[in-house]
Amino acid sequence: MPSMFDPVDVPFMGAKKEHEMPDADVVIFGAPHGTPYRDIDNTPYAAAPDSLRAALAEDSQWLDHWDFDLDGPLLNDGPCRVADAGNLRTSFQDGAGNRSLIETATSEILKAGAVPVMIGGDDSTPIPFIKALAPLGPLTIIQIDAHIDWRDERRGEPLGFSSTMRRASEMDHVKQIVQVGIRGLGSARRTEVEIARDWGATIIPARELHRKGIETVLQHLTPASNCMITIDCDGLDSAIMPAVIAPTPGGLTYYQTVDLIAAVSRTCNLVAFDMIEFVPTRDSTGTSAFTAARILANVIGCLARR
């Protein structure tokens, strides 16, 4: 597996480099590129994995310190082993090659008995990531996003970032899709909304989540079912996450996001996680990278506590 990756000098939040921990419980990896559209540049996301690693480089020295978001040290003084495989050797123009790398890497992590945690990359990177989860059996996808991503194609490309949930819905192992934080204007038209609802997708607008809390999501989940969470950074409110291509007001707060992740990990079997659509060049202060990285740290902490 290491031959697919460029290793990193500073692994995420104190994780070991993958070759130093082949028996890890959680494996983090970067997927800088996905499936490109004609005339749309997908390179702004490529530096996201390293930006999020750098954001917590200092904090990684304090793994034994108390984390009040998790009510204890990050790894809970337990045996959870976390490895960082580095970044896949993707190319901004090679959609087919990028999909193959993501699917193969995810499959290898699962075969090793670890939970894959992917840092994208644009919102097309979850398509092969989700596909690789098929051996785990029936899957619920919890998507935090401003947009529903149900286009059959855009600019002639059916595997781009506007089609992620449409392609996921066609996979036999995907049994439920819960879409959280939807708001504003995106690529969906009436047709896509109707197709999503007819398939059975649960669409929870951000306004509903703000009114009713995370219970409006949890009520749709089956306890002990296999779940993955995919977070498009534009699912967060633009006041705390401006570092995206399409910032939209009214999104999830930091605590709504991490509380939802924690509740899902307690209720269900969290089998995979990805974070996508972070744009480092739009993060002038570094605050957005720190916020996104802290959400990832909370995921690691939740996995260490199950």
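The values are calculated or read from the model by the stated rules, or taken from the named source; none is laboratory data. Keep in mind that this is a model prediction, so the values were computed, not measured. Cβ: placed from backbone, ideal geometry, glycine included. Neighbour counts: every protein chain shown. Quick note on the areas: whole protein, heavy atoms, side chains included, nothing else; ligands and nucleic acids left out. Shrake-Rupley method; radii C 1.70, N 1.55, O 1.52, S 1.80 Å.
Its Kirkwood hydrodynamic radius, worked out from the mean inverse distance over all distinct Cα pairs, puts segment 71-192 at 16.0 Å. For VAL180, the shell of other residues with beta-carbons less than 11 Å away shows a net charge of -2, using +1 for Lys and Arg and -1 for Asp and Glu.
For LYS131, the lysines whose Cα falls under 26 Å of its own Cα, not counting residues fewer than eight places away in the same chain, are LYS17, LYS111, LYS175. Residue ranking by accessible heavy-atom surface, 1.4 Å probe, largest first, among ARG190, ARG282 comes out as ARG190, ARG282. Under the combined filter of DSSP loop state and at most 12 neighbouring Cβ atoms within 10 Å, segment 7-93 retains these trypsin sites (Lys or Arg not before Pro): ARG38.
Multiplying the residue separation of PHE92 and ALA246 by 0.36 nm and removing their Cα-Cα distance gives an extension gain of 53.4 nm. Each of THR191, THR257, VAL115 was placed along the dipole of the chain (beta-carbon charges, centred on the mean Cα), and the one lying farthest toward the positive end is THR191.
Listed as lacking a disulfide-compatible partner in the chain: CYS80, CYS233, CYS302, by the criterion of no other cysteine Cβ under 4.7 Å.
Accessible surface of CYS80, taken over heavy atoms with a 1.4 Å probe and every protein chain present, rounds to 20 Å².
At full extension, ASP77 and ASP198 could sit 39.0 nm farther apart than now, given 0.36 nm per residue minus the alpha carbon distance.
Across the chain, the longest piece that holds none of the GluC sites (Glu not before Pro) lying in DSSP loops with up to 15 other C-beta atoms within 10 Å covers 171-306. Exposed loop sites are taken as chymotrypsin sites (Phe, Trp or Tyr not before Pro) in a DSSP loop (any state but H, G, I, E or B) with at most 11 other beta carbon atoms within 10 Å; the longest stretch of the chain without one runs 69-306.
Values [x] 16.6; [y] 14.1; [z] 19.5 are given for comparison; mean projected area of the Cα convex hull in nm², derived from the coordinates here, is the one labelled [y]. Counted as membrane-span-like here are DSSP H helices of the chain whose alpha-carbon atoms extend 30 Å or more along the helix's own axis and whose Kyte-Doolittle mean is 0.0 or above; there are none. Listed by chain and number, the aspartates and glutamates whose C-alpha is less than 12 Å from the C-alpha of LYS16, apart from same-chain residues fewer than 8 away, are ASP25, ASP84.
For segment 68-125, the share of accessible area belonging to carbon and sulfur comes to 47 percent (1.4 Å probe, ligands and nucleic acids excluded). 3J(HN,Hα) couplings calculated from phi for segment 126-141 with the Karplus curve 6.51 cos²θ - 1.76 cosθ + 1.60 (θ = phi - 60°) are, in sequence order, x, 4, x, 4, 5, 4, 5, 7, 3, x, 7, x, x, 10, 9, 9 Hz; Gly and Pro show x. Projected label points at LEU185 and PHE68, each 7 Å from Cα along the beta carbon direction, are separated by 4.1 nanometres.
Here's how it looks for CYS227: its modeled amide H is under 5 Å from those of THR140, ASN269, LEU270, VAL271, which are all 5 or more places away or on a different chain. In this structure segment 150-306 gives 41 Å² per residue of accessible area when probed at 1.4 Å with all protein chains present.
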